[in-house]
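The values are calculated or read from the model by the stated rules, or taken from the named source; none is laboratory data. This one's a predicted model, so the numbers in the text were calculated from it and none came from an experiment. Here Cβ is always computed from backbone atoms with ideal geometry, including for glycine, and neighbour counts include all displayed protein chains.
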């Protein structure tokens, strides 16, 4: 029985993870559930799965959670520090980091130091602190099992390859809902349009990041840190059907790919069950129904967030942290209707030019960078 802590159980990844646990009660159990502010769903989940503990990060919702769960033997905590404490529990084997954004970094670090297996869905952790996280994982001998569909695909393609070097990663991208729009059309995109992803069911932030292709830039940076592949050897391939989730090219020219229907429960379950494979109640891949697969190069002129991501990781230091912080501020501002869709890359690029650069940041430098760049970017928005 694997005991799992889900950081962000009320979000898209968290709810699908609980569905996986429900399908295999003999294999997995949820021991810790956490949420930011969605106390109603957290209480509902806690009453169904009866974990050892829950955390509601929003302290104003603490009393509500306590009263709703007072008849059950569940410890209720609140605040960001509690997130770091619950992952250290002896009753936890795997920590699924499904929190959104930079907020996932500190509890992930705490889980690594507590020698927990990391099922990584919070890509921002590696985007902003890849070097620090890799060093911590090596020091504490902690594995990272990727949950992003693309990085899980790469992980599966490498399984059994021993030390065969990777020549190139082919990182697939749906291209989002606007892949065929002109620059003039992109100027008029609304948040409602951007929140309608053609293939994947995801949370609002990642759906917007997918529309700008900043999410694919983040995944390129994540792949760099996970698999020690230089950015110039990570090729983004626009693949609208989202059937090939990514592929690996080896030195002999052989290419191995992982295929499947677009269902996030598959990579979640693979991270939980590794090295085993378990049955999953999902739609099987029917190649006769799919019939045709398409592949295109990404357009970095219309989608400059992808270009900015390559620039950030090539410069290194705290620049990916700057990229992420500016991305989070502009993403929210667009969703709230305060800036245009095309303002997102423009303001990110401005922050990258104006933020203080640190060549070899430590963890505290990164927290300081995040705070400073959020303030800097917020100042651009009226």
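When residue 315 is tested against (1) under 26 Å from residue 125 (Cβ atoms); (2) buried (at least 17 other Cβ atoms within 10 Å of the Cβ), only condition (2) is not met.
Taking first residues from the range 346-359 that are under 10 Å from residue 308 (Cβ atoms) and partners that are modelled with pLDDT under 95 and surrounded by 13 or more Cβ atoms within 10 Å (Cβ to Cβ), no Cβ contact under 6 Å between residues at least 6 apart in sequence or on separate chains turns up. Considering (1) out of contact with any helix residue (DSSP H, G or I) (no Cβ under 7 Å at 6 or more places or on another chain); (2) over 15 Å from residue 159 (Cα atoms); (3) touching a residue at least 60 places away in the same chain (Cβ under 8 Å), the lone condition that residue 286 does not fulfil carries the number (3).
If the condition is being over 20 Å from the mean Cα position of the chain (by Cα) and in contact (Cβ under 8 Å) with a residue 40 or more places away in the chain, then the range 83-92 contributes 86, 89, 91, 92. For the range 108-124, the set of residues classified as at pLDDT below 95 and assigned to a helix (DSSP H, G or I) consists of 124 only.
Within the range 47-54, does at least one residue satisfy the condition of being in contact with a strand residue (DSSP E or B) (Cβ under 9 Å, 6 or more places away or on another chain), crowded, with 21+ Cβ neighbours inside 10 Å, in a loop (DSSP other than H, G, I, E, B) and outside the structural domain of residue 276 (by TED's automatic domain parsing)? So far as the range 47-54 goes, yes, one or more of its residues are in contact with a strand residue (DSSP E or B) (Cβ under 9 Å, 6 or more places away or on another chain), crowded, with 21+ Cβ neighbours inside 10 Å, in a loop (DSSP other than H, G, I, E, B) and outside the structural domain of residue 276 (by TED's automatic domain parsing). Here residue 44 passes the criteria (1) part of a helix (DSSP H, G or I); (2) under 17 Å from residue 14 (Cβ atoms); (3) modelled with pLDDT under 95; (4) over 16 Å from the mean Cα position of the chain (by Cα) except the one numbered (3).
Among the residues making up the range 86-132, none is over 24 Å from residue 31 (Cα atoms), buried (at least 18 other Cβ atoms within 10 Å of the Cβ) and out of contact with any helix residue (DSSP H, G or I) (no Cβ under 6 Å at 6 or more places or on another chain).
Every condition in (1) modelled with pLDDT of 95 or more; (2) crowded, with 24+ Cβ neighbours inside 10 Å holds for residue 170 except the one numbered (2).
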